[in-house]
Amino acid sequence: MNKNTNVRVRFAPSPTGHLHIGGLRTALFNWLFARHHGGAFLLRIEDTDMERSMIEYRDSILQSFAWTQLEHDEEIVTQSERIAEHQRVAQQLIDAGKAYRCYCSPEELLARYGKAHADSDFFVTYDGHCRNLNSAPNGAISHVVRFKLPDDCTEITFDDLIKGQISFPIDQLDDFIILRSGGFPMYNFVVVVDDAFMRITHIIRGEEHIVNTPKQILLYQACGYSIPQFAHLPLILGSSGEKLSKRDGATSVVEYRREGYIPHALLNYLARLGWSHGDQEIFSLSELIEHFSLDHIGKKGAIFDFEKLAWVNSVYLKAMTDEQILDAIITDVDTHFITRFPLWDVETIKRVIALYKERVKTLKMMVEEIVLVHDGTQERNQDDMQKWITADSPSHVDAMITVLEQQNVFDHDNCAAATKELAGHLGIKLVTLLQPIRLALLGKASGPGVFDLLAIIGKEKTIQRLKAFKRCL
């Protein structure tokens, strides 16, 4: 498709929960499609479910968009503010003979259904009882409004931009409800009216909405609206190949933020979840916009891979400055982060960040490592202890304590020189000294350079940890 400033797409979350990771991918694909074609990306809040919609979820959804910087164009449309317009369009359909008032109670429908369709394999929920009524029966007032399926249509067919041609026999549908009792609009009706109002040209959404498309096409036609083009995205799947569960990563964007994922890293990963551009894995937003195409979205579900997401996140972390990482920790993971380190100033914290940003994959992991360096630990990795602690280790640690106590300038270079000299004097490899020291400082044999750690932890705390470690050997 060529550049087209007439392209208008929308993302329409319901404020009945936080923005889900699958919803964010759908929003991203809409945003990239609009930006690639120089069109408009719009946001609509679908809050006609009055019982479940909550203002805190609306706020959370908008905060997730602000965090990921997926800017929307034009004013946000809120469905609940347009109910009068939905009702007006429904009345137009009634006046045109394309919809009608149905006075059947749920109890009546169930009784009739049970009698008429007890042996039927296919579920037909309405039998058209009120289809041709000229007035309310017995003075009834309570009613819903149903759409009247056209008599001259046998099949609804549309060309999906991802799935290809899809057809539905109309006999799989009934005269479905468009307004509930009380005048509140139903989903399939309200989205059609609002998409027409917003002049939406392309509807890019999850494939679970394919079943809604036939009803919506009929409504577009009945209302005299232009029918948008549809593109249904494959599902995000868990490692088992089933629909994504919470264990697989089906949590809210809020949780990914709290866990310390970088917003652009998350977008980068989600963009590659079902869409491809050669073998390239890491994209700037400008590159995603340039290359994005619905043609390169697969038809099959995409497997969510936490390890891949963590790797992408680590790439972005390594590219950030120490200052940017610190700001992101305070903003997204721990607002009180700075106050947790009474022994350090901000510059020291940034020195520790510099030590770990090549080693961790998330901001939360970064926080955990920095806390460990500052506070120390009484717990030791037993596998590391078995590997590196020998009968000679207590005397080696004792000798190390003596050497470090003699250092007047406790920095990287002096500690390194003294430790190397001690290893030579003892006739052992340097690593035989360094790994027990690291176990004393961090409780594990992996981590940044020991001499960098010594310089940050300082003489007093280092010696305290070495003495405590020796007592447990």
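The values are calculated or read from the model by the stated rules, or taken from the named source; none is laboratory data. All figures in this text were calculated on a predicted structure; none of them were measured in a lab. FYI the Cβ positions are ideal-geometry reconstructions off the backbone, even for glycines, and counts take in every protein chain you see. Please note that ligands, DNA and RNA were not included when accessible areas were found on the heavy atoms of the full protein model with its side chains. Shrake-Rupley method; radii C 1.70, N 1.55, O 1.52, S 1.80 Å.
Exceeding 22 Å between C-alpha atoms, which entries from my cross-link table qualify? They are LYS420/LYS470; LYS98/LYS215; LYS308/LYS357; LYS357/LYS470. Present the calculation step by step, with values, prior to reporting the outcome.
Values: LYS420/LYS470 20 Å; LYS98/LYS215 13 Å; LYS308/LYS357 17 Å; LYS357/LYS470 30 Å.
Violating the 22 Å Cα-Cα cut-off are LYS357/LYS470.
At 1.4 Å probe size, with the rest of the protein present, what percent of the exposed accessible area of the chain is carbon and sulfur atoms? Exposed carbon and sulfur together represent 49 percent of the surface.
Per the helix-only calculation at 222 nm, which mean residue ellipticity applies to the chain, given -39500 (n - 2.57) for every DSSP H run of n ≥ 4 and division by its residues, nearest 500 deg cm²/dmol? Each step should come with its number before you reach the end.
On the way: 19 runs with 212 residues, N = 473.
When only DSSP H runs of four or more count, the value is -13500 deg cm²/dmol.
What accessible area per residue, rounded to a whole number of Å², is obtained for the range 427-473 using a probe radius of 1.4 Å? Present the calculation step by step, with values, prior to reporting the outcome.
Numbers: 1810 Å² over 47 residues.
Each residue of the range 427-473 exposes 38 Å² on average to a 1.4 Å probe.
Taking all Cα pairs closer than 8 Å and separated by 6 or more residues, the relative contact order of the chain comes to 12 percent. A crude spin-label estimate for the pair GLU71 and LYS308, with each label 7 Å from Cα along the Cβ direction, gives 3.0 nm.
When a/c reaches 1.5 or more, the comparison of a/b and b/c decides; with that in mind, is the chain rounded, prolate or oblate per its Cα gyration tensor?
Numbers: a/c = 3.20, a/b = 2.86, b/c = 1.12.
Here the chain falls in the prolate category.
By the Cβ-Cβ criterion of under 4.7 Å, the unpaired cysteines of the chain are CYS104, CYS153, CYS223, CYS415, CYS472.
If you roll a 1.4 Å probe over the heavy atoms of the protein chains, what accessible area per residue do you get for the range 218-343, in Å²?
On the way: 6060 Å² over 126 residues.
I get 48 Å² per residue for the range 218-343.
The modelled label-to-label distance for the pair ILE428/GLN172, using points 7 Å beyond Cα in the direction of Cβ, is 7.3 nm. Net charge of the neighbourhood of ASP398, taken over other residues with C-beta under 10 Å away and scored Lys/Arg +1, Asp/Glu -1, is +2.
Solvent exposure of the range 1-59 amounts to 40 Å² per residue of accessible area, where only protein heavy atoms count and the probe is 1.4 Å. Charged side chains reduced to their Cβ positions (Lys and Arg at +1, Asp and Glu at -1) give the range 88-224 a dipole of some 560 debye around its Cα centre.
Modelled label positions at GLU51 and ALA84, each set 7 Å beyond Cα in the direction of Cβ, lie 2.7 nm from each other. Determine the shape class of the range 117-241: with a ≥ b ≥ c the square roots of the Cα gyration tensor eigenvalues, call it rounded for a/c under 1.5, and otherwise prolate if a/b is greater than b/c, oblate otherwise. Note, shape of the range 117-241 comes out prolate.
Taken about its Cα centre, the chain carries a charge dipole of about 620 debye when Lys and Arg each add +1 at the Cβ and Asp and Glu each add -1 at the Cβ.
If packing is taken as the average count of other Cβ atoms within 10 Å, what order do 72-83, 305-316, 194-205 fall into, highest mean first?
Values: 72-83: 15.2, 305-316: 17.1, 194-205: 20.3.
So the peptides 72-83, 305-316, 194-205, ranked by packing, come out 194-205, 305-316, 72-83.
Most tightly packed first, judged by the mean number of other beta-carbon atoms within 10 Å of their residues, the peptides 331-339, 218-226 read 218-226, 331-339.
Past 25 Å, Cα to Cα, is the threshold; run LYS299/LYS361; LYS318/LYS444; LYS350/LYS467 against it and keep the listed order. Let's see the in-between values first.
Working: LYS299/LYS361 31 Å; LYS318/LYS444 23 Å; LYS350/LYS467 28 Å.
As for pairs spanning more than 25 Å Cα to Cα, those are LYS299/LYS361; LYS350/LYS467.
With the cut-off at 1.5 for a/c, could you classify the range 364-424 from its C-alpha gyration tensor as rounded, prolate or oblate? Note, shape of the range 364-424 comes out oblate.
Ranking request for peptides 261-269, 370-378: highest mean number of other beta-carbon atoms within 10 Å first, then the rest in descending order. Could the numbers behind the result be given before it?
On the way: 261-269: 23.1, 370-378: 16.8.
Descending packing order for the listed peptides: 261-269, 370-378.
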